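Written out below as structure tokens is the structure these notes cover.
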Amino acid sequence: MSVVSRWLKEALNFWRSKRDEDLRWHLSRQQDVAELHRARVLAEQALLAQLKKQSQQLAHELELNEARNRNELEMVKIQCKQELKDYQQYLDSLDKLKRSLQTSYAHLPEAVAFTIHHHAKQLLNRMWDEQDPQEKLKIEMQLIQFMTAVHEDSLSSLQRDGQGTLPQKTLAFIEGEV
């Protein structure tokens, strides 16, 4: 045998021995590889089950939040409608107040009644726009006091037949606010 053929034979034997060694190693580890594969599949299934469960929980929480938000929105809408109704009633009341002034003080220019009406509307709007509850209550009390002054002046004028009088309390209230 020649050197080349011997060298090829040794190389082939070396290659076969390495291949056989590799095969023996794979065969000896086959059980471990199979267990790792099974464990990976089980872990993936457990993860998918957990994700599905969390997804269902999140969907349920989302539905609850949406229902709660819908209910809150409906309540806010109802509150807003009631507040608009209340505001309209205030405006109607102020219009009646203006007509009462015009009747009680027929001898005065209409501008006086409009000025008093305008002042009452400004108080109402300040009260309505105020966010601080204590300040809102303070302005509401001012509005009530103002409307009481107007009412007392109107009654006083009617008792005196409205002859040449001025709404003194009302004008004093406006002057005190300026």
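Normalised per residue, the accessible area of the chain is 79 Å², obtained with a 1.4 Å probe and no contribution from ligands, DNA or RNA. Which value at 222 nm does the chain reach when only helices count, each DSSP H run of 4 or more adding -39,500 (n - 2.57), with the total divided by all residues and rounded to the nearest 500 deg cm²/dmol? Dividing the helical sum by the residues of the chain leaves -33000 deg cm²/dmol. Lys-Lys pairs in the chain that are eight or more residues apart or on separate chains and whose Cα atoms lie under 26 Å of each other come to 27.
Phi angles across the range 66-75 convert, under the Karplus curve 6.51 cos²θ - 1.76 cosθ + 1.60 with θ = phi - 60°, into 3J(HN,Hα) values of 5, 5, 4, 5, 4, 5, 4, 4, 4, 5 Hz, Gly and Pro given as x.
For the range 1-150, which whole percent of the accessible surface, found with a 1.4 angstrom probe, sits on carbon and sulfur atoms?
So the carbon and sulfur contribution to the accessible surface is 58 percent.
Phi angles across the range 47-52 convert, under the Karplus curve 6.51 cos²θ - 1.76 cosθ + 1.60 with θ = phi - 60°, into 3J(HN,Hα) values of 5, 4, 5, 5, 4, 5 Hz, Gly and Pro given as x. Checking (1) 1.32; (2) 1.30; (3) 1.84 against Rg/Rh (Cα atoms, Kirkwood Rh) calculated from these atoms, the matching label is (3). In order along the range 30-44, phi translates into HN-Hα couplings of 4, 4, 5, 4, 5, 5, 4, 4, 4, 4, 5, 4, 4, 5, 5 Hz, rounded to whole numbers, per the Karplus curve 6.51 cos²θ - 1.76 cosθ + 1.60 with θ = phi - 60° and x for Gly and Pro. The solvent-accessible area of HIS60, taken with every protein chain present and a 1.4 Å probe, is close to 100 Å². For VAL76, the solvent-accessible surface with a 1.4 Å probe is about 70 Å², rounded to the nearest 10.
The values are calculated or read from the model by the stated rules, or taken from the named source; none is laboratory data. Computed from a predicted model, the values in this text were never measured in an experiment. These area figures cover heavy atoms from the full protein model, side chains too; ligands, DNA and RNA do not enter into them. Shrake-Rupley method; radii C 1.70, N 1.55, O 1.52, S 1.80 Å.
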